[in-house]
Amino acid sequence: MRDFEDYRELSDEACQELINAARKQLGSRAVLLCHHYQRADVYQHADLTGDSLKLSRLASQTDAEYIVFCGVHFMAEVADMMTKPNQTAILPDLAAGCSMADMANLTKVERCWRELTAALGEDPANQVTPITYINSAADLKAFCGDRGGIVCTSSNAPVILDWALVRRPKILFFPDQHLGRWTGHQRGIPLDEMVVWDPDQPRGGLTQEQIRNAKILLWKGHCSVHQMFQPSHIAAFRAKHPEGKVISHPECSFEVCAASDYIGSTEYIVKIIKEAPAGTRWLVGTELNLVERLAREVAPEGKIVQFMSPTVCMCSTMQRIDPQHLAWTLENLVDGNVVNAIRVPEKETASARLAMERMLEVS
Ligand code: 13P
Ligand code: SF4
């Protein structure tokens with residue numbers, strides 16, 4: 001087994017050569033799936049790219065023996081759950097997690113469920129469907145699968161909400177309060193019928209009456225990258241460029257989403273700007289690697305793409321997948337050594353797949 005320490009000090013250029021050579025040797029045995037936030041020096045090696053929904057579909061469609069996932073941990077878990085047992089999902093650096101996904105865990109969600117059941121009783125008029133954003137651990141997807149719940153992504157959240165609301169009157173949405181709130185708002189649910197469940201407070205910090213009156217209980221979680229974007233950034237842009245358009249990811253705050261012209265997943269953001277007329281100007285509220293790449297790609301058409309925040313907002317965990325880790329992973333595969341395989345336990349997979357398949361069917 002090759003030791004990562006031998007790669008740590010290698011230059012990016014040296015790693016690029018090793019990656020290219022290893023990929024040649026592996027051929028179609030390995031496929032590289034890359035999320036849009038991946039850094040340029042890794043993204044250039046991608047076979048397939050996309051947002052979370054697209055990547056989960058792509059993972060389920062590939063026949064490759066190894067799915068090398070350049071993304072974060074929950075994405076590699078999804079790839080493992082959506083592929084066959086003889087395929088292996090690999091995350092080149094196990095430390096590439098998602099800080100938002102870590103804001104909910106099974107112990108806290110089970111306690112929340114018990115407290116909600118105690119507050120709402122058995123009355124069918126008060127029953128709750130759990131919806132987990134795909135940015136969550138596999139055991140939370142399994143929790144939803146076992147309770148008639150479902151998974152959603154940033155690109156299908158509205159239809160998933162519709163699916164849930166025809167089944168039961170209430171929703172527990174975790175872990176991203178912002179995606180839950182914006183989606184509820186899109187579906188006409190008043191803001192005062194969406195309350196925040198604070199998992200660190202007894203009974204979520206809510207009264208029994210607040211729980212009973214709520215349509216959606218929003219887990220108190222957020223993305224540390226998207227919380228950096230502010231309505232004042234949009235106001236400053238509009239004052240300077242009244243003809244410019246603003247596009248944001250739904251993990252941004254409600255105020256940022258409300259002040260934007262377009263809201264959608266990373267794939268949607270890329271598509272809208274690529275299809276926009278030449279010469280247009282855009283302010284984009286999502287991660288910096290995506291925005292910088294897009295700006296470079298559309299510059300020849302005279303389109304100007306600006307990042308929303310004056311400070312650097314990268315997904316620091318996704319950034320951990322670097323050329324050094326990728327070279328180490330691929331060279332090990334060439335030698336027949338699988339490093340950093342992501343394997344979700346079988347029982348968890350069965351329940352989580354149920355919630356994922358419900359989602360894929362609806363969207
Ligand atoms: P997308 O599904 O839109 O790519 O979002 C994933 C994500 O983690 C955004 O922060
Ligand atoms: Fe998670 Fe935020 Fe990174 Fe997306 S940008 S993977 S939500 S930490």
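The values are calculated or read from the model by the stated rules, or taken from the named source; none is laboratory data. Predicted model, so just to flag it, every value in this text is computed and none were measured. All Cβ positions, glycine included, derive from the backbone under ideal geometry; neighbour counts span all protein chains shown.
What about Leu10, is it part of a helix (DSSP H, G or I) and outside the structural domain of Trp197 (by TED's automatic domain parsing)?
Working: part of a helix (DSSP H, G or I): no; outside the structural domain of Trp197 (by TED's automatic domain parsing): yes.
In short, no.
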Tell me, which residue of segment 112-138 that is polar (S, T, N, Q), crowded, with 18+ Cβ neighbours inside 10 Å and not in a loop (DSSP other than H, G, I, E, B) is nearest to the chain's Cα centre (by Cα)?
-> Thr132
Working carefully through the options Leu283, Leu294, Leu290, Leu333, find the one that is out of contact with any Leu (no Cβ under 8 Å at 6 or more places or on another chain), closer than 30 Å to Gln25 by Cα and not assigned by TED's automatic domain parsing to the domain that holds Lys108.
-> Leu290
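Would you please name the residue that is surrounded by the fewest Cβ atoms within 10 Å (Cβ to Cβ), looking only at residues in segment 199-233 that are within 23 Å of Cys252 (Cβ to Cβ) and of a type in the set (Lys, Arg)? Walk me through it before giving the result.
Within segment 199-233, the first condition is being within 23 Å of Cys252 (Cβ to Cβ), and the residues that meet it are 199, 214-233.
From the residues that got through so far, the ones that are of a type in the set (Lys, Arg) too are 215, 220.
Details: Lys215: 16, Lys220: 18.
For segment 199-233, the residue satisfying everything is Lys215.
Residues that are in contact with a helix residue (DSSP H, G or I) (Cβ under 8 Å, 6 or more places away or on another chain) and within 15 Å of ligand 2 (Cβ to nearest atom): which helices (runs of 4 or more DSSP H) entirely in segment 274-363 hold 2 or more of them? Reasoning before the result, please.
Values: elements: 288-298, 323-334, 346-362.
Passing ranges, in order: 288-298.
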Could you grab me the full set of residues in segment 243-266 that are within 14 Å of ligand 2 (Cβ to nearest atom) and of a type in the set (S, T, N, Q)?
-> Ser248, Ser253, Ser265, Thr266
List every residue pair whose Cβ atoms lie under 9 Å apart, where the two residues are 6 or more positions apart in sequence or sit on different chains, the first residue falls within segment 300-328 and is under 20 Å from Ile247 (Cα atoms) and of a type in the set (Ser, Thr, Tyr), and the second residue, located anywhere, is modelled with pLDDT of 95 or more and outside any loop (DSSP other than H, G, I, E, B).
-> Ser309/Met228; Ser309/His233; Ser309/Gly285; Ser309/Leu288; Thr311/Met228
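Here's the yes/no breakdown for (1) closer than 30 Å to Asp162 by Cβ; (2) of a type in the set (Ser, Thr, Tyr); (3) more than 14 Å from ligand 2 (Cβ to nearest atom):
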position	(1), (2), (3)
Arg57	yes, no, yes
Ile67	no, no, yes
Thr88	no, yes, yes
Asp93	no, no, no
Val109	yes, no, yes
Ala119	yes, no, yes
Thr132	yes, yes, no
Cys144	yes, no, yes
Gly149	yes, no, yes
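Within the bounds of segment 222-242, is there any residue that is of a type in the set (Lys, Arg), touching a strand residue (DSSP E or B) at 6+ places or on another chain (Cβ under 8 Å) and either away from ligand 2 (no atom under 16 Å from the Cβ) or assigned to a helix (DSSP H, G or I) (or both)? Give the steps one after another, and end with the answer.
As a first pass, look at segment 222-242 and keep what is of a type in the set (Lys, Arg): 238, 240.
With touching a strand residue (DSSP E or B) at 6+ places or on another chain (Cβ under 8 Å) added as a condition, the list becomes 238.
With either away from ligand 2 (no atom under 16 Å from the Cβ) or assigned to a helix (DSSP H, G or I) (or both) added as a condition, the list becomes 238.
The answer is yes, given that some residue of segment 222-242 is of a type in the set (Lys, Arg), touching a strand residue (DSSP E or B) at 6+ places or on another chain (Cβ under 8 Å) and either away from ligand 2 (no atom under 16 Å from the Cβ) or assigned to a helix (DSSP H, G or I) (or both).
Please find, among Lys108, Lys141, the residue that is among the basic types (Lys, Arg) and either within 16 Å of ligand 1 (Cβ to nearest atom) or buried (at least 22 other Cβ atoms within 10 Å of the Cβ) (or both). Break it down stepwise before answering.
Numbers: Lys108 fails: either within 16 Å of ligand 1 (Cβ to nearest atom) or buried (at least 22 other Cβ atoms within 10 Å of the Cβ) (or both).
Result of the check over Lys108, Lys141: Lys141.
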Output the number of the condition that Met75 fails; it satisfies all remaining conditions of (1) out of contact with any Cys (no Cβ under 9 Å at 6 or more places or on another chain); (2) within 28 Å of Val196 (Cβ to Cβ); (3) in a helix (DSSP H, G or I).
-> (1)
Counting just the residues of segment 160-189 that are in contact (Cβ under 8 Å) with a residue 12 or more places away in the chain and assigned to a loop (DSSP other than H, G, I, E, B), which one comes out surrounded by the fewest Cβ atoms within 10 Å (Cβ to Cβ)?
-> Arg167
How many residues does segment 310-327 contain that are over 21 Å from the mean Cα position of the chain (by Cα) and within 13 Å of ligand 1 (Cβ to nearest atom)?
-> 0
If you go through segment 253-265 one residue at a time, do you hit one that is closer than 20 Å to Ala239 by Cβ, part of a helix (DSSP H, G or I) and within 16 Å of ligand 1 (Cβ to nearest atom)?
-> yes
